[in-house]
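K.L.:
I have a structure here, written as structure tokens, and I will follow up with some questions on it.
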Amino acid sequence: MNRTEADPYGQGASSLVAGSTLQGTVESILEMGGGARDQDTIVRALQAAFNNPERAVEYLYTGIPEQAESLLQPKNILQVANQLIRSSLHSLELQFLHQVQMLIPWTCLLRSF
């Protein structure tokens, strides 16, 4: 078994681009398309694909899915971030309450001494 078969998550993460690699990827996609696509369209496809170049090229040929397109809107980005923060806080609150609940019998036991 080779490395990519053993670690599909690592393989997926290694295909994401950022920084200076991102600009090179945009230029490569521009060259592949023969200039039929403009840079803004390619950047938008990359954003919708969460910087996955293979998915971005797919989006350029098939169109950006409506769900991915809606996430690119600033208002929706803030809503998604807000939902993620709220769900994370809720999860932390539940963990905290569970731990406090686990401590209550110990505090009662200690008070009895």
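K.L.:
Out of curiosity, is LEU46 modelled with pLDDT of 75 or more and either charged (D, E, K, R) or in a helix (DSSP H, G or I) (or both)?
P.N.:
Details: modelled with pLDDT of 75 or more: yes; either charged (D, E, K, R) or in a helix (DSSP H, G or I) (or both): yes.
Here the answer is yes, as LEU46 does meet what is asked.
K.L.:
Continuing with this model, one more query. Looking at (1) touching a helix residue (DSSP H, G or I) at 6+ places or on another chain (Cβ under 9 Å); (2) modelled with pLDDT under 90; (3) part of a helix (DSSP H, G or I); (4) open to solvent by less than 80 Å² (accessible area, probe 1.4 Å), which is the one condition that is false for TYR59?
P.N.:
Condition not satisfied by TYR59: (2).
K.L.:
Restricting attention to segment 84-107, and to residues there that are open to solvent by less than 90 Å² (accessible area, probe 1.4 Å) and polar (S, T, N, Q), which single residue is farthest from LEU71 (Cα to Cα)?
P.N.:
THR107
K.L.:
If you check every pair at least six apart or on different chains, which have Cβ atoms under 9 Å apart with a residue in segment 36-54 that is over 13 Å from LEU22 (Cα atoms) first and a residue that is in a helix (DSSP H, G or I) and of a type in the set (Phe, Trp, Tyr) second?
P.N.:
If the second residue must be in a helix (DSSP H, G or I) and of a type in the set (Phe, Trp, Tyr), the pairs left are ALA48/TYR59.
K.L.:
Further, regarding this structure: Determine whether segment 65-75 contains at least one residue that is under 17 Å from the mean Cα position of the chain (by Cα), polar (S, T, N, Q) and either at pLDDT 75 or above or farther than 28 Å from VAL17 by Cα (or both).
P.N.:
yes
K.L.:
Something else now. Do we have ALA36 as part of a helix (DSSP H, G or I), exposed (fewer than 12 other Cβ atoms within 10 Å of the Cβ) and modelled with pLDDT under 85 here?
P.N.:
Values: part of a helix (DSSP H, G or I): no; exposed (fewer than 12 other Cβ atoms within 10 Å of the Cβ): yes; modelled with pLDDT under 85: yes.
Judged against the criteria, ALA36 is not a match.
The values are calculated or read from the model by the stated rules, or taken from the named source; none is laboratory data. Bear in mind the structure is a predicted one, so any value in this text is a computation, not a measurement. Cβ sites come from the backbone with ideal geometry, for glycine too, and all protein chains shown count toward neighbours. Just so you know, the surface numbers come from the protein's heavy atoms only, side chains and all, with ligands and any DNA or RNA stripped out. Shrake-Rupley method; radii C 1.70, N 1.55, O 1.52, S 1.80 Å.
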